[in-house]
1. Does E154 qualify as being of a type outside the set (S, T, Y), farther than 26 Å from Y55 by Cα and either without any contact (Cβ under 8 Å) to a residue 40 or more places away in the chain or surrounded by fewer than 11 Cβ atoms within 10 Å (Cβ to Cβ) (or both)?
2. Just the residues that are charged (D, E, K, R) and either at pLDDT below 80 or over 32 Å from the mean Cα position of the chain (by Cα) (or both), please, taken from the range 13-50.
3. Out of all the residues in the range 136-147, is one or more under 27 Å from R49 (Cβ atoms), in a strand (DSSP E or B) and in contact (Cβ under 8 Å) with a residue 40 or more places away in the chain?
4. Identify the residue in the range 91-107 that is part of a strand (DSSP E or B) and in contact with a helix residue (DSSP H, G or I) (Cβ under 8 Å, 6 or more places away or on another chain) and, among all such residues, is surrounded by the fewest Cβ atoms within 10 Å (Cβ to Cβ).
5. Which members of the range 108-129 meet the condition of being of a type in the set (G, A, S) and either in a strand (DSSP E or B) or within 14 Å of the chain's Cα centre (by Cα) (or both)?
6. Could you say which residue among S66, S83 is hydroxyl-bearing (S, T, Y) and more than 27 Å from V135 (Cβ to Cβ)?
7. Does the range 170-182 contain any residue that is among the acidic types (D, E) and farther than 21 Å from Q48 by Cβ?
8. Can you find even one residue in the range 156-177 that is within 15 Å of F38 (Cα to Cα), in a strand (DSSP E or B) and either of a type in the set (G, A, S) or touching a Leu at 6+ places or on another chain (Cβ under 9 Å) (or both)?
Amino acid sequence: MDPATDQKDTAQSTLNNPDNYQEPRPVVVRREPERVIFSWQAPARPFQRRTRQFYVTTFAMAGIVSLIIFLAEGLIPVILIISLVFLYYILSTVEPERVEYQITNKGIKIAGKRTEWQLMNRFWFANRFNHRLLVIETFSIPGRLEFVVTPDIEENITKELSAYIPHEEAPLSGLDKITGWVAQKLPGNK
C-alpha cells in the first residue's frame, strides 16, 4: 500500500482546494421570550425608625458644616447641604412601599423595570438596618443595585444568580469606609 497512490474519502480543506468551497450558512438567532425564574416581594429599601436624639445630632452637625461652608464658599453649597438633610429626613420618616423583585432569563426586574445581565458585574449579600440586602455591582450609574431579601430565600437567589454573574464581594471603597465611619458616630447606629 502506497500512501501517495491510496485514495481515501477524506474531506478536502477549502484553503488548499477552492473547488470545495461552500457558502457559509447564516446564523439563526432564536429570540427566547422572557420568563421569570424566581420572584419575591420586599420593601423597596432598608428602613429604620430614628429617635429624636438622632435628628437633633444630624441637624446640629449639618448646621455647623453649613456655617463653615457659608463663610468659605457662600450660599449655594449651604442650600445643597440643607436639601440633602431634608431628603435624608424624608427617607428616614416615610416607610418604603413593598415592590416585586423578579429574576428572569434576561435580567432582574424591579417593580417592572428590567436591568439586563450585560450591565451586571457581580453580587454579594450585606446587612443594613437589621435587613439582609442583595447587592449587585453594575457597569452603569449608580454602580450598585440593592434589594431587600429575607434569609430564607437567600440560597435560592444565590443559585439562580450564579448562573449569570459571579458571587463575590467587592472590597470597600474609600467612600464606603468614610460613610461607615460617619454612620457609626451618629446615635442609634451602633
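1. So E154 passes the test.
2. Correct list: D19, E23, R25, R30.
3. yes
4. Going through the range 91-107, the residues part of a strand (DSSP E or B) turn out to be 98-104, 107.
With the extra rule that they be in contact with a helix residue (DSSP H, G or I) (Cβ under 8 Å, 6 or more places away or on another chain), the set shrinks to 103, 107.
Working: I103: 21, G107: 18.
Within the range 91-107, the match that is surrounded by the fewest Cβ atoms within 10 Å (Cβ to Cβ) is G107.
5. A126, the sole residue that qualifies.
6. Values: S83 fails: more than 27 Å from V135 (Cβ to Cβ).
S66 is the lone residue from the list that is hydroxyl-bearing (S, T, Y) and more than 27 Å from V135 (Cβ to Cβ).
7. Filtering the range 170-182 down to residues among the acidic types (D, E) leaves 176.
After this cut, where a residue has to be farther than 21 Å from Q48 by Cβ as well, the list is none.
The answer is no; no qualifying residue exists.
8. The answer is no, given that none of the residues of the range 156-177 is within 15 Å of F38 (Cα to Cα), in a strand (DSSP E or B) and either of a type in the set (G, A, S) or touching a Leu at 6+ places or on another chain (Cβ under 9 Å) (or both).
The values are calculated or read from the model by the stated rules, or taken from the named source; none is laboratory data. Model, not experiment: these values are computed from the prediction. Note: ideal-geometry Cβ built from the backbone for every residue, glycine included; neighbour counts use all protein chains shown.
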